[in-house]
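Student: Sharing a structure with you now.
The values are calculated or read from the model by the stated rules, or taken from the named source; none is laboratory data. Note that this is a predicted model, so its numbers are computed, not measured. Methodologically, a virtual Cβ is constructed for each residue, glycine included, from the backbone with ideal geometry; neighbour enumeration extends over all protein chains shown.
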Amino acid sequence: MAVIRGAAGIRIVAVEQGGDDLLAAGDVVEARWWCRRAADAGRVVTAAMARVRRRESRDGASSPSTTGLSHSQGNIPVALLLGCKAVAAAAKRLNVALHSDEEVSFEATRIIARVNDEIETLQRAGELRSINRSYRTYRTEASARGEKILRYAEWIGKYKEKLVRQLAAALRYS
């Protein structure tokens, strides 16, 4: 989810992966949160926008404080504050956990470190037989096709990346 400031004011949107087409020229993403399910993001955005609209109709739709572009608290437009608070309140009411970029990045780094630690532990214990067998199979098949063969270190790096993506996908839907 994102709170975006543009020429038309502040808007709250649910952004799916690769949804950069929601930004027009001059738009700025002012705040962004992540949640596990796209459907939850949509519900939060709908509830937050309803809250913003109720506030606008109560305050008067033409009031400068609701457009957020001419009225501000410090350097932060009032509508931006209202939008961010509306998202937080809607998520809380709908029991949807929101995560910042920093939290998502920290969790991804933690998972990557854990995968690396597990593979190193397995390597030291000599228990990577199935992975090594997969590498040999890959090498044989790639050679038969006349393709360039990745060194083991490169191949295991790609294997780890694939494993982390699979873990992330599994966690996303858990």
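Student: Let me confirm something: among Leu122, Leu167, which residue is surrounded by 14 or more Cβ atoms within 10 Å (Cβ to Cβ), over 30 Å from Cys35 (Cβ atoms) and out of contact with any Phe, Trp or Tyr (no Cβ under 9 Å at 6 or more places or on another chain)? Lay out the reasoning, then the answer.
Tutor: Details: Leu167 fails: over 30 Å from Cys35 (Cβ atoms).
Within the list Leu122, Leu167, the selection yields Leu122.
Student: Any idea which residue in the range 75-95 is surrounded by the most Cβ atoms within 10 Å (Cβ to Cβ), counting only those that are among the charged types (D, E, K, R) and without any contact (Cβ under 8 Å) to a residue 12 or more places away in the chain?
Tutor: The selected residue is Lys85.
Student: Which members of the range 107-117 meet the condition of being at pLDDT 85 or above and either in contact with a Ser or Thr (Cβ under 9 Å, 6 or more places away or on another chain) or small (Gly, Ala, Ser) (or both)?
Tutor: Residue satisfying the conditions is Ala113 alone.
Student: Moving to a separate point now. Residues in the range 151-163: is at least one part of a loop (DSSP other than H, G, I, E, B) and more than 30 Å from Gly42 (Cα to Cα)? Working first, answer last.
Tutor: Step one: list which residues in the range 151-163 are part of a loop (DSSP other than H, G, I, E, B), which gives 151.
Then drop every residue that is not more than 30 Å from Gly42 (Cα to Cα), which leaves 151.
Yes - at least one qualifying residue is present in the range 151-163.
Student: Please tell me if Ala89 is at pLDDT 80 or above, among the small types (Gly, Ala, Ser) and in a helix (DSSP H, G or I). Steps first, answer last, please.
Tutor: Values: at pLDDT 80 or above: yes; among the small types (Gly, Ala, Ser): yes; in a helix (DSSP H, G or I): yes.
So Ala89 fits the description; yes.
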